[in-house]
1. Can you pull out the residues in the range 32-45 that are farther than 15 Å from K65 by Cα and open to solvent by 60 Å² or more (accessible area, probe 1.4 Å)?
2. Can you tell me how many residues within the range 4-44 are of a type in the set (D, E, K, R) and assigned to a strand (DSSP E or B)?
3. In the range 12-38, how many residues are over 12 Å from S63 (Cα atoms) and either aliphatic (A, V, I, L, M) or touching a Phe, Trp or Tyr at 6+ places or on another chain (Cβ under 9 Å) (or both)?
4. What pairs come up if the first residue lies in the range 1-14 and is at pLDDT below 95, the second is of a type in the set (S, T, Y), and their beta carbons are under 7 Å apart, counting only those six or more places apart or on different chains?
5. Give the residues of the range 45-64 that are outside any strand (DSSP E or B) and within 16 Å of T5 (Cα to Cα), sorted by residue number.
6. Determine, yes or no, whether Y6 is open to solvent by less than 30 Å² (accessible area, probe 1.4 Å) and among the hydroxyl-bearing types (S, T, Y).
7. What's the total number of residues in the range 17-48 that are touching a residue at least 12 places away in the same chain (Cβ under 8 Å) and basic (K, R)?
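The values are calculated or read from the model by the stated rules, or taken from the named source; none is laboratory data. It should be emphasised that the depicted structure is a prediction, and the values quoted were computed from it without experimental measurement. Here the Cβ positions follow ideal geometry from the backbone for every residue, glycine too, while neighbour counts run over all protein chains shown. SASA here: full protein model, heavy atoms, side chains in, ligands and nucleic acids out. Shrake-Rupley method; radii C 1.70, N 1.55, O 1.52, S 1.80 Å.
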Amino acid sequence: MLAFTYKTKTELKQSKGQRLRFVETSMFGSEYKGDGKYNGVGPGAYDRKWYATVIIADGVIKSVK
């Protein structure tokens, strides 16, 4: 699971078309591999106020649910 570095889920949604800002949380290696579907929390790894699923295509945010 990634930790998205946006204050709110709305701010994340407004970032469509931009590169995803995140922090890796896994101690087993990088979870972010480029284009694909990612689940995460925000606004930080230890301050979980919201959850989102983000689809990355061509290196930028295409969809947020």
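1. Of all residues in the range 32-45, those farther than 15 Å from K65 by Cα come to 32-35, 43-45.
Matches in the range 32-45: K33, D35.
2. Start the filter on the range 4-44 by keeping residues that are of a type in the set (D, E, K, R), which leaves 7, 9, 11, 13, 16, 19, 21, 24, 31, 33, 35, 37.
Still in the running and assigned to a strand (DSSP E or B): 24, 37.
Counting residues in the range 4-44 that are of a type in the set (D, E, K, R) and assigned to a strand (DSSP E or B) gives 2.
3. 7
4. M1/T25
5. Applying the first criterion (outside any strand (DSSP E or B)) to the range 45-64 yields 45-47, 58-59.
Listed by number, the residues that qualify are A45, Y46, D47.
6. yes
7. Residues flagged as touching a residue at least 12 places away in the same chain (Cβ under 8 Å) and basic (K, R) within the range 17-48 amount to 3.
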